[in-house]
Amino acid sequence: MSLNYLATRFTCSWPWSTMVLLCDGRMVCGCADPYAKRVLGDVRAERVSAIWTGARAAGLRQDLNGGGSKFCGDCPLKLPLRKDEAPPRRSLDVPALPSRLYVECTAACNISCAQACCAPETGITRTRQAGMLDFDLFQRVVDEAGPALGRVDFFNYGETFLHKRAVEMCEYIKSRFPHIYLYTSTNGLALTEPQVRRLVASGIDEVTFSIDGATPESYVKYRQRGDFSKAIATLTAAADEKRRAGRDVPFINWRYILFAHNDSDEEMARARRMAEDIGVDRLCWELTDHPEEMYSRRFVPDTPDLAAIEHEVWDANNLGNAIPGATPRAEISVDRVLPILPIIARRGRQTTIATVVRNASTRPFPAQASYGRRLVRLGAQLCAADGTVINRDYERAWLPEALQPGASAQVPITLTAPATPGRYALKFDLVSEGIDWFEACGSPTTVKALVVI
């Protein structure tokens, strides 16, 4: 197929992993399609597997392997290719079902965010054939796709918890398929206190509350018709229920979009204190370039102010935290007896390396939990002698127990030396499993030379 109609060549991996269930039953291929321009099928008439492996989805994948597709239109999820860059060629032999699913309960919202595409004034709900997702249809989709799913994002456009059975849907997903990582995002205004406590008890893995400000006056400038006190009360109830019940899930985020009216040192410091007092797991700033008259000029790229909070920004990494001291930070010592000598190992043979890990942050590093993500382990990444990473997941070692703030632990790590003799390097870092390496949020790593004989 000719790509002359494409202004630029691009790639995208979404059609190999993810589908989005809209509240009217149609399936689209990405989470950035508010007006349902890129429909793959309709689960009211077809099975999920038929849509996922059908001609439209298959043709889209084939086009993307060639450098772009007319189907994608103005989708902002596209990743441009350089002029001389070949598009990734992914297998067209996909599994029978996607591994990730977005579930949109409704496109309606209870507030109006300034110039947001999902604000009621934009008419987004008029593009959908149903106001609320049918519960029986939801069950049928989850029952079919659930065994193959690793993650469900329980939100899209609109405010999820306007659906009267949204909490029940979360309970259904976790009771039927507890292996699924269940995530949702909410403004917190449609949930009553009993409902938010029930949501916490459902087993949901992660909940993000979007609250853009630390005072009622600044909050309502963007979240028009919102109620700051109600949003904070709902966030507080979620954290309280998690603490009261002694649960280790959900992981509770407070996401705060920075605008010109809420980005002062004073207001950001107030948010930091509030987040710590409430007991949320993570406070992060989000950056935006709109609305034109609102976005923060203080934290634009290449400014000292942005550099000062770079590890606290939502999209910069998955671990950074604006709560003082809560960003994970570790100090790793390797072979303290002979620190300047390289590690020498015979090719293909196992060797055990003595390390000491210290928690230099204010939050514990969990070594065990009721879930698979966020457990902290020591990792050794295999690198070439010049530092180029060869195998990021080379070896892992468990912490002996949860490592408390300021505490240290001996963590021996056993590795199998590469089969090819030569000079290498080992980079030691901690990893929050399923989330990110500590290095991504500024934690120091330790590098040790490795000589294989």
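The values are calculated or read from the model by the stated rules, or taken from the named source; none is laboratory data. Because the structure is predicted, anything quoted here is derived from the model rather than measured. Cβ coordinates were reconstructed from backbone atoms using ideal geometry, including for glycine residues, and neighbour counts include every protein chain displayed. Heads up: the accessible areas ignore ligands, DNA and RNA and are worked out on the full protein's heavy atoms, side chains in. Shrake-Rupley method; radii C 1.70, N 1.55, O 1.52, S 1.80 Å.
Here are a few things to note about the model shown:
- Check on G73, surrounded by fewer than 16 Cβ atoms within 10 Å (Cβ to Cβ), within 19 Å of T127 (Cβ to Cβ) and either of a type in the set (G, A, S) or out of contact with any Lys or Arg (no Cβ under 7 Å at 6 or more places or on another chain) (or both): yes
- Against the numbered list (1) crowded, with 21+ Cβ neighbours inside 10 Å; (2) among the basic types (K, R); (3) on the phi > 0 side of the Ramachandran plot, R223 comes up short only at (3).
- A Cβ distance below 9 Å, combined with a sequence gap of six or more or placement on separate chains, defines the contacts here; from region 5-34, residues that are acidic (D, E) reach residues that are at pLDDT 95 or above and outside any loop (DSSP other than H, G, I, E, B) in the pairs D24/D42; D33/V20; D33/V39.
- Options L92, L60, L79, L64; residue that is of a type outside the set (D, E) and within 24 Å of the chain's Cα centre (by Cα): L79
- Filter result for A45 (of a type outside the set (D, E) and without any contact (Cβ under 8 Å) to a residue 40 or more places away in the chain): yes
- Residues in region 216-268 that are among the hydroxyl-bearing types (S, T, Y) and free of Cβ contacts under 8 Å to residues at least 12 places away in the same chain: S264 alone.
- Selected residue (only one of L60, L40 is in a strand (DSSP E or B) and surrounded by fewer than 23 Cβ atoms within 10 Å (Cβ to Cβ)): L40
- Among the residues here, D134 qualifies as in contact (Cβ under 8 Å) with a residue 60 or more places away in the chain and of a type in the set (D, E).
- Any chance S218 is over 21 Å from the mean Cα position of the chain (by Cα), among the polar types (S, T, N, Q), assigned to a helix (DSSP H, G or I) and buried (at least 18 other Cβ atoms within 10 Å of the Cβ): yes
- Only one of the listed residues (R82, R90) is outside any strand (DSSP E or B), touching a Phe, Trp or Tyr at 6+ places or on another chain (Cβ under 7 Å) and open to solvent by 50 Å² or more (accessible area, probe 1.4 Å). That residue is R90.
- Top-ranked residue in region 139-159 [being in contact (Cβ under 8 Å) with a residue 60 or more places away in the chain and part of a helix (DSSP H, G or I); ranked as nearest to the chain's Cα centre (by Cα)]: A145
- Lone qualifier among R255, R197, R243 - being open to solvent by 10 Å² or more (accessible area, probe 1.4 Å), in a helix (DSSP H, G or I), more than 21 Å from E168 (Cα to Cα) and basic (K, R): R243
- The requirement of being in a loop (DSSP other than H, G, I, E, B), surrounded by 15 or more Cβ atoms within 10 Å (Cβ to Cβ) and out of contact with any Asp or Glu (no Cβ under 9 Å at 6 or more places or on another chain) is satisfied by P418.
- Residue that is modelled with the lowest pLDDT, among those in region 107-124 that are within 30 Å of L64 (Cα to Cα) and either crowded, with 17+ Cβ neighbours inside 10 Å or basic (K, R) (or both): C118
- Selection from region 421-432 of residues that are open to solvent by less than 30 Å² (accessible area, probe 1.4 Å) and either assigned to a loop (DSSP other than H, G, I, E, B) or of a type in the set (S, T, N, Q) (or both): S432
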